[in-house]
Structures are given as structure tokens and as C-alpha cells.
Amino acid sequence: MTQLKLRKPSWMMASVLVSLLCVAGTASAQSLQVKQWAASCSACHGTDGYSEGGMASLAGQKKADIIEKMNEYKSGKRVASIMHQLSKGYSAEQIEQIAEYFASLPHEKPVAKSK
Ligand code: HEC
């Protein structure tokens, strides 16, 4: 009887842990998806949105600014050579998530630590 009483809480802990892992799993799957969308922007705007020059950096721009620019490209209000086409390939939700991702990055590219 005593043993049974002791085991119960550990089973409860296990189920709590499992549900926590499920939540964490969904969150990282989502951010992986957003990172993949953002990676396609990196081809032109630099890795992680840090341009090495010439092109505008996306990292550290305000979320609202990125969304506004993308919507203006979509509508044709903002004149572009490429972005008016490219922006049409993303839904409003996708643009919002991509914008949130780039806005979450520091404006200045973090300096890589030497080993
Ligand atoms: C093939 C190259 C290319 C890719 C890929 C690309 N862009 Fe661009 N982007 C440009 C160019 C070129 C401009 C300048 C406007 C123009 O001529 O289209 C620009 C401009 C922008 C601007 C305005 C920058 C500013 O601050 O003035 C934003 C915002 C932007 N792009 C977002 C994105 C996002 C988000 C993605 C990925 C979903 C992306 N771009 C992918 C080439 C690219």
C-alpha cells in the first residue's frame, strides 16, 4: 500500500512532463517553420537577415515596419524590382510570423565568439 501511494505522484509527474514536452515540441516545430521561411529571405538579405552591404538588413527592423513594407510591395504601392512579386507568395499570417522573427533579432549582428 505504501509503495502504491509513493508511485502515484511519480506517474502524475510523468504525465505532466509528457504534456510539457508536447507543448515544447509544437513551439519548436513552429519556430523551425518560420526559420525556414526566413531562410529564403537570407539569400538576398543576408544570413539571418544581416546584410553584408548593399541590401537592406531585415534583422532588428520593427515588426510593424516589415509588415507594412511587405503589404506595400504586395499592393504595388512600394515600387520594387523583386519584392512586389516575392511578397505575393506569403500570406498575411506568414508575413506576420516572418516579421516577428526578424524583429526578435538584435539590430547589430552578434559578434561570433572565438573558441
Ligand atoms: C531574390 C532576392 C530577394 C529575396 C529572396 C528577398 N528579398 Fe526582400 N528585397 C530584395 C530587393 C532587391 C529589395 C529592394 C526592393 C526591390 O527592388 O524589390 C528588397 C527589399 C525588401 C524590404 C524593404 C527593405 C527596407 O528596409 O527598405 C523588405 C522588408 C524585404 N525585402 C523583406 C523580405 C522578406 C521578408 C523576404 C523573405 C520572405 C525577402 N525580402 C526576400 C530582394 C530579395
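Computed from the coordinates by the stated procedures, all read-outs in this text should not be read as laboratory data. Everything quoted here is computed from the prediction, not taken from an experiment. Cβ atoms come from the backbone with ideal geometry, glycine included; neighbour counts cover every protein chain shown.
Would you mind checking 35/63; 35/62; 62/113; 35/77 for any pair whose Cα atoms are more than 23 angstrom apart?
Where the Cα-Cα span goes over 23 Å, the pairs concerned are 62/113; 35/77.
Starting from the eigenvalues of the Cα gyration tensor, five times each then square-rooted, give me the equivalent ellipsoid semi-axes of segment 31-104, largest first, whole Å.
After diagonalising the Cα gyration tensor, the semi-axes are 17, 15, 11 Å.
Rg (Å, one decimal) plus Dmax (Å, integer) for the alpha carbons of segment 71-115?
According to the Cα coordinates of segment 71-115, Rg and Dmax are 14.7, 47 Å.
For a footprinting-style exposure proxy, rank 15, 104, 51, 57 by other Cβ within 10 Å, fewest first.
15, 104, 51, 57
Between beta-carbons, use under 9 Å as the cut-off and find the net charge around residue 63, counting Lys and Arg +1, Asp and Glu -1.
Net of charged neighbours comes to -2.
What is the set of long-range amide H partners of residue 57 at a cut-off below 5 Å, with H atoms built 1.01 Å from backbone N?
Answer set, sorted by chain and number: 51.
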